[in-house]
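Asker: Dropping a structure here in structure tokens format, bear with me for questions.
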């Protein structure tokens, strides 16, 4: 039995994404994850839980690509810790019965911690948070 074309295409796309992502510096990768965090920040006033879920899915996906493409153990360790915070936030969006309103303050703390992972991205804190 051979996999269908859609499965083959997803696997191929995933490999291409990893290869392309690896071509960016860690600081650029952090800034691209930050771009998704900033997109999510704009959804909080709208209380768009579906949009927030989708943003956080992309945030986690890009975080995973960054972890996979970086061999510096200290950076990877800190990024894994940060990813745990983002994953906790993502899971809160699935407990929508308990969550009347998404917490922008918690999101901004997680956002700031991401930016602090790189000296280049830390310079953006003033503009983004």
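Asker: Using 0.36 nm times the number of residues separating residue 48 and residue 112, minus their current alpha carbon distance, what extension gain do you get?
Answerer: 20.9 nm
Asker: Length gain on complete extension for the stretch residue 57 to residue 71, per 0.36 nm per residue less the alpha carbon to alpha carbon distance?
Answerer: In short, 2.7 nm is gained.
Asker: Between residue 38 and residue 24, what length comes free when the chain is fully extended (0.36 nm per residue of separation minus the Cα-Cα distance, one decimal in nm)?
Answerer: 3.1 nm
Asker: Using a Förster radius of 22 Å, what is the FRET efficiency between residue 81 and residue 122 based on their Cβ-Cβ separation? Nearest 0.05, please.
Answerer: After rounding to 0.05, the efficiency reads 0.85.
Asker: With just the Cα atoms of the range 5-128, tell me how far they stretch along each of the three principal axes, in Å, largest first.
Answerer: Largest first, the range 5-128 extends 41, 39, 22 Å along its Cα principal axes.
Asker: Please give, to one decimal in nm, the separation of the simple spin-label points placed at residue 88 and residue 129, each 7 Å out from Cα toward the Cβ.
Answerer: Distance between the two pseudo-spin positions: 1.5 nm.
Values in this text are rule-based calculations from the coordinates and carry no lab data. What you are looking at is a predicted structure, and each value in this text was computed from that prediction instead of being measured. Cβ atoms come from the backbone with ideal geometry, glycine included; neighbour counts cover every protein chain shown.
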